[in-house]
Amino acid sequence: MTKLKLGAIPDDKPVKLSIELPADVHRDLVAYADVLARETGQKNEPAKLVAPMLARFMATDRGFAKVRKDSSRRVTPRGTSPSGGGI
């Protein structure tokens with residue numbers, strides 16, 4: 001069995017996004033969808049793989065995780081505006 005980074009794709013309400021992919025990336029996406037279908041028995045359109053691939057990429061990007069963690073710590077104290085002035 002091949003060790004893929006993606007598993008079965010959950011059915012979720014999508015947000016429509018239009019993108020252009022280079023032809024070689026699209027060919028690889030189609031090939032990935034074929035391998036995933038053989039591994040999971042779940043056939044998906046290649047476009048359905050983009051969101052879980054991006055989510056997986058962002059979830060495993062340590063630099064992104066650090067920035068998100070640091071920015072979540074920046075909480076504005078009550079009674080002050082983000083610019084530092086009072087109410």
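Please indicate, with yes or no, whether at least one residue in region 10-20 is exposed (fewer than 12 other Cβ atoms within 10 Å of the Cβ) and in a helix (DSSP H, G or I). Steps first, answer last, please.
Residues of region 10-20 exposed (fewer than 12 other Cβ atoms within 10 Å of the Cβ): 10-20.
Those still in the list that are in a helix (DSSP H, G or I) too: none.
Looking for residues that are exposed (fewer than 12 other Cβ atoms within 10 Å of the Cβ) and in a helix (DSSP H, G or I), one finds none in region 10-20, hence no.
Since ALA33 meets every condition but one in (1) surrounded by fewer than 11 Cβ atoms within 10 Å (Cβ to Cβ); (2) at pLDDT 95 or above; (3) not aromatic (Phe, Trp, Tyr), which condition does it not meet?
(1)
The values are calculated or read from the model by the stated rules, or taken from the named source; none is laboratory data. For clarity, every value in this text was computed on a predicted model and none was experimentally measured. All Cβ positions, even for glycine, are placed from backbone atoms using ideal geometry, and neighbour counts span all protein chains on display.
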